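These notes concern the structure reproduced below.
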Amino acid sequence: LILDAFLISLFQVREASPRATILNIVKCAILELNSLNAQCNGRLIETDQRELLCDIILHAASDAGLKTDDDITEEWREW
């Protein structure tokens, strides 16, 4: 559900949306994933899942119009 809500939010973003709007959507999704992983004692998201989640998040943000080569998830990601 977290990724579904994330993707829906990004889909609703217009290409000309400010970078801050897209980053806020990413931040909210990352914080929710942090919380879910914490509820599972940090054992829910392992290395393979982390890489896949980051790829999905980064590609979706790029498709929504965010132009960056940086890993924008690192700032908030705890997993």
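Per-residue ellipticity at 222 nm from helix content only, as computed over the chain with -39500 (n - 2.57) for each DSSP H run of at least four residues, stands at -20000 deg cm²/dmol. Couplings for segment 33-43, taken from phi via the Karplus curve 6.51 cos²θ - 1.76 cosθ + 1.60 with θ = phi - 60°, read 5, 4, 4, 4, 5, 5, 5, 9, 6, x, 10 Hz in order; Gly and Pro are left as x. Each residue of segment 57-66 was assigned a 3J(HN,Hα) from its phi angle through the Karplus expression (A = 6.51, B = -1.76, C = 1.60, θ = phi - 60°), giving 5, 5, 5, 5, 5, 5, 4, 7, x, 7 Hz with x at Gly and Pro.
You can think of it this way: the chain between Thr21 and Glu74 has 17.4 nm of extra reach, that is 0.36 nm per residue less the Cα-Cα gap.
The mean accessible area for residues of the chain, using a 1.4 Å probe and ignoring ligands and nucleic acids, is 68 Å² per residue. In sequence order, segment 73-79 has phi-based couplings of 7, 4, 4, 10, 6, 10, 10 Hz under the Karplus curve 6.51 cos²θ - 1.76 cosθ + 1.60, θ = phi - 60°, and Gly or Pro positions carry x.
For the chain, with all protein chains in place and a probe radius of 1.4 Å, 49% of the accessible heavy-atom surface sits on carbon or sulfur.
Charge dipole (Cα centre; +1 on Lys/Arg Cβ, -1 on Asp/Glu Cβ; no other charges) of the chain amounts to roughly 300 debye.
The values are calculated or read from the model by the stated rules, or taken from the named source; none is laboratory data. This structure is a prediction, so every number in the text was calculated from the model and none was measured. In this analysis, Cβ positions are derived from the backbone assuming ideal geometry, glycine residues included, and neighbour counts consider all displayed protein chains. Surface areas here come from the heavy atoms of the whole protein model, side chains and all, with no ligands, DNA or RNA. Shrake-Rupley method; radii C 1.70, N 1.55, O 1.52, S 1.80 Å.
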